[in-house]
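Enquirer: Take a look at the following structure, please.
The values are calculated or read from the model by the stated rules, or taken from the named source; none is laboratory data. Given the structure is predicted, the values throughout are model-derived calculations rather than measurements. Because the Cβ atoms are built from the backbone with ideal geometry, glycine has one as well, and the counts that use them run over all protein chains shown. Just the protein is used for accessible areas: all its heavy atoms, side chains included, with ligands, DNA and RNA removed. Shrake-Rupley method; radii C 1.70, N 1.55, O 1.52, S 1.80 Å.
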Amino acid sequence: MTATDPKVRAVAPQGKPKQRLGDIIFSRTSLISGAAILVILAAVALFLVGQSIPAFVADPVDFIGSPASFWDYVWPLVFGTLWSATLALLMALPLAVGIALFISHYAPRRLAQALGYIVDLLAAVPSVVFGLWGIGVLAPAVLPAYTWLSENLGWIPLFAPPVSGTGRTILTAAIVLGVMILPVMTAICREIFIQTPVLHEEAALALGATRWEMITMAVLPFGRPGIISGAMLGLGRALGETMAVAMVLSATGVITINLVSSSNPSTIAANIALSFPEAYGVNVNLLIATGLILFLITLIVNSIARYIVNRRKDFSGAN
């Protein structure tokens, strides 16, 4: 068989296929977009660090409220941010998973489509609307419940008296945050649950499992990385929420776990929004420094979530 044989020519290595113009434009646009995200993130980090340095070296006497040190000013804000976001996540995540399971595996098709549209619509509602709802509707409605909790469970530090007379407490703010992050987490969980392999579900049902047992054996394990990702996305929004918290929460800048008292910690984002218009000099740098702390908190939270998701994937692959 010679090199001129047709069979030899048929299997001869071909040259690199020529890319179409659309593929080239798409690939380069994607590369530029990905690089732009990193550049913007680095620029934001450099701005925050550069503008925060004066606050780290300034005399605390010049700060708002004359705290003993920079960290005495920041710690109550960090605590309020983490406390309110954690409460919101604890309330919203079980509801999000339950709603997503109902839409994906229990509701009739038409009802599931209608609920899906409603969830997507709630995700587009501005935070100011949620803040107005929290002030005008939620706070007065929960005030009797706060009074009952304080009278009957006041021995628990979470519900110790005195009770707020307006209902604008850290728990009210957390409920508003939970309602805000609920649609985002529900949408992510719903899409993940729908993608569960049908063969896994049918195999569980063929073994005699009920629908709920099938969900616990097939759907939830498959969707665990998506649940974690949705929870962290919701937590990130709760950590950075500004207007709704600033409108609802009656903050006094203290560190307390009491959920029904009028003495409430503030959050970093709300404190920046309320204090920035009147800030001047080193106080501007102080508020930017608190923004840097919030930036680091969200970065750490997302890094932990990414580590957990990757570890779950590696563990599943090993099995």
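Enquirer: Among all residue pairs at least 6 apart or on different chains, which show Cβ distances below 6 Å where the first residue, located in region 83-101, is closer than 15 Å to Thr216 by Cα and the second is of a type outside the set (A, V, I, L, M) and open to solvent by 10 Å² or more (accessible area, probe 1.4 Å)?
Expert: Ala100/Arg190
Enquirer: Scan region 303-313 and give yes if some residue there is of a type outside the set (S, T, N, Q), open to solvent by 30 Å² or more (accessible area, probe 1.4 Å) and touching a Lys or Arg at 6+ places or on another chain (Cβ under 7 Å), otherwise no.
Expert: Of all residues in region 303-313, those of a type outside the set (S, T, N, Q) come to 304-309, 311-313.
Still in the running and open to solvent by 30 Å² or more (accessible area, probe 1.4 Å): 304, 306-308, 311-313.
Retained after the next criterion (residues that are touching a Lys or Arg at 6+ places or on another chain (Cβ under 7 Å)): 312.
Within region 303-313, one or more residues are of a type outside the set (S, T, N, Q), open to solvent by 30 Å² or more (accessible area, probe 1.4 Å) and touching a Lys or Arg at 6+ places or on another chain (Cβ under 7 Å).
Enquirer: In region 103-114, what residues are surrounded by 15 or more Cβ atoms within 10 Å (Cβ to Cβ) and among the hydrophobic types (A, V, I, L, M, F, W, C)? Steps first, please.
Expert: Taking region 103-114 as the starting set, the residues that turn out to be surrounded by 15 or more Cβ atoms within 10 Å (Cβ to Cβ) are 103-105, 107, 112.
Passing the criteria: Ile103, Ala107, Ala112.
Enquirer: Keeping to region 171-195, report how many residues are farther than 15 Å from Ser229 by Cβ and without any contact (Cβ under 8 Å) to a residue 60 or more places away in the chain.
Expert: Going through region 171-195 one residue at a time, the tally reaches 0.
Enquirer: Same structure, new question: Report every pair of residues separated by at least 6 positions or lying on different chains whose Cβ atoms are under 7 Å apart, first residue within region 115-130 and farther than 19 Å from Ala174 by Cα, second small (Gly, Ala, Ser) and part of a helix (DSSP H, G or I).
Expert: That search, which allows pairs on different chains as well, returns Val119/Ala187; Asp120/Ala187.
Enquirer: Would you point out the residue of region 149-184, among those that are among the aliphatic types (A, V, I, L, M) and not in a helix (DSSP H, G or I), that is surrounded by the most Cβ atoms within 10 Å (Cβ to Cβ)? So that I can check it myself, show each step before the final result.
Expert: Taking region 149-184 first, the residues among the aliphatic types (A, V, I, L, M) are 149, 153, 156, 158, 160, 163, 170-171, 173-177, 179-182, 184.
Now narrow it down to the ones that are not in a helix (DSSP H, G or I): 156, 160, 163.
Numbers: Ile156: 13, Ala160: 18, Val163: 21.
Per the stated criteria, the residue is Val163.
Enquirer: Next question, about the same structure. When region 180-215 is examined, which residues are found to be farther than 30 Å from Leu132 by Cβ and among the hydroxyl-bearing types (Ser, Thr, Tyr)?
Expert: Across region 180-215, the qualifying residues are Thr196, Thr210.
Enquirer: Right, Thr81: surrounded by fewer than 17 Cβ atoms within 10 Å (Cβ to Cβ) and among the polar types (S, T, N, Q) or not? Steps first, answer last, please.
Expert: Details: surrounded by fewer than 17 Cβ atoms within 10 Å (Cβ to Cβ): no; among the polar types (S, T, N, Q): yes.
Spelling it out, it is not the case that Thr81 is surrounded by fewer than 17 Cβ atoms within 10 Å (Cβ to Cβ) and among the polar types (S, T, N, Q).
Enquirer: Right, here's the next one. Considering only region 245-268, state which residues are at pLDDT 85 or above, within 23 Å of Val137 (Cα to Cα) and touching a Leu at 6+ places or on another chain (Cβ under 9 Å).
Expert: Of everything in region 245-268, those that are at pLDDT 85 or above, within 23 Å of Val137 (Cα to Cα) and touching a Leu at 6+ places or on another chain (Cβ under 9 Å) turn out to be Val245, Ala246, Met247, Val248, Asn258, Leu259, Val260, Asn264, Pro265, Ser266, Thr267.
Enquirer: Separate question: Is it the case, given these coordinates, that Phe63 is open to solvent by less than 90 Å² (accessible area, probe 1.4 Å), under 24 Å from Arg237 (Cα atoms) and of a type in the set (Phe, Trp, Tyr)? Reasoning before the result, please.
Expert: Numbers: open to solvent by less than 90 Å² (accessible area, probe 1.4 Å): yes; under 24 Å from Arg237 (Cα atoms): no; of a type in the set (Phe, Trp, Tyr): yes.
When the stated conditions are applied, Phe63 does not pass them.
Enquirer: To continue, here is another question. Scanning region 244-259 for residues that are crowded, with 16+ Cβ neighbours inside 10 Å and touching a Pro at 6+ places or on another chain (Cβ under 8 Å), which turns out farthest from Phe159 (Cα to Cα)? Don't jump to the end; show me each part of the working.
Expert: Here is the first cut: in region 244-259, the residues crowded, with 16+ Cβ neighbours inside 10 Å are 244-251, 253, 256, 258-259.
Adding the requirement that they be touching a Pro at 6+ places or on another chain (Cβ under 8 Å) leaves 251, 253, 256, 258.
Values: Ala251: 17, Gly253: 19, Thr256: 11, Asn258: 6 Å.
Per the criteria, the residue is Gly253.
Enquirer: Only one of these conditions is not met by Pro265: (1) surrounded by fewer than 23 Cβ atoms within 10 Å (Cβ to Cβ); (2) on the phi < 0 side of the Ramachandran plot. Which number is it?
Expert: (1)
Enquirer: While we're looking at this one, here's another question. Among the residues of region 112-132, what is the count of those that are part of a helix (DSSP H, G or I) and either more than 17 Å from Ile188 (Cβ to Cβ) or of a type outside the set (A, V, I, L, M) (or both)? Step through it out loud before you land on a result.
Expert: As a first pass, look at region 112-132 and keep what is part of a helix (DSSP H, G or I): 112-123, 127-132.
Subsequent filtering for residues that are either more than 17 Å from Ile188 (Cβ to Cβ) or of a type outside the set (A, V, I, L, M) (or both) retains 113-114, 116-117, 120, 127-132.
So the answer is 11.
Enquirer: Is one or more of the residues making up region 115-134 of a type in the set (A, V, I, L, M), surrounded by 20 or more Cβ atoms within 10 Å (Cβ to Cβ) and at pLDDT 90 or above?
Expert: Within region 115-134, not a single residue is of a type in the set (A, V, I, L, M), surrounded by 20 or more Cβ atoms within 10 Å (Cβ to Cβ) and at pLDDT 90 or above.
Enquirer: Report whether or not Ala96 is more than 18 Å from the chain's Cα centre (by Cα), surrounded by 19 or more Cβ atoms within 10 Å (Cβ to Cβ) and of a type in the set (A, V, I, L, M).
Expert: Details: more than 18 Å from the chain's Cα centre (by Cα): no; surrounded by 19 or more Cβ atoms within 10 Å (Cβ to Cβ): yes; of a type in the set (A, V, I, L, M): yes.
No: the conditions fail for Ala96.
Enquirer: Counting only residues that are hydroxyl-bearing (Ser, Thr, Tyr) and either modelled with pLDDT of 90 or more or under 27 Å from the mean Cα position of the chain (by Cα) (or both), which one in region 30-70 is nearest to Ala289 (Cα to Cα)? Lay out the reasoning, then the answer.
Expert: Taking region 30-70 as the starting set, the residues that turn out to be hydroxyl-bearing (Ser, Thr, Tyr) are 30, 33, 52, 66, 69.
Applying the additional criterion that residues be either modelled with pLDDT of 90 or more or under 27 Å from the mean Cα position of the chain (by Cα) (or both) yields 30, 33, 52.
Numbers: Ser30: 33, Ser33: 28, Ser52: 4 Å.
Of everything passing the filter in region 30-70, Ser52 is nearest to Ala289 (Cα to Cα).
Enquirer: A follow-up question, please. Sort through Ser263, Ser250 and tell me the only one that's hydroxyl-bearing (Ser, Thr, Tyr), in contact (Cβ under 8 Å) with a residue 24 or more places away in the chain and out of contact with any Asp or Glu (no Cβ under 6 Å at 6 or more places or on another chain).
Expert: On the way: Ser263 fails: in contact (Cβ under 8 Å) with a residue 24 or more places away in the chain.
Only one candidate passes the filter, namely Ser250.
Enquirer: Right, here's the next one. All but one of (1) free of Cβ contacts under 8 Å to residues at least 40 places away in the same chain; (2) small (Gly, Ala, Ser); (3) open to solvent by 50 Å² or more (accessible area, probe 1.4 Å) hold for Gly226; state the number of the condition that does not hold.
Expert: It fails just one condition, (3).
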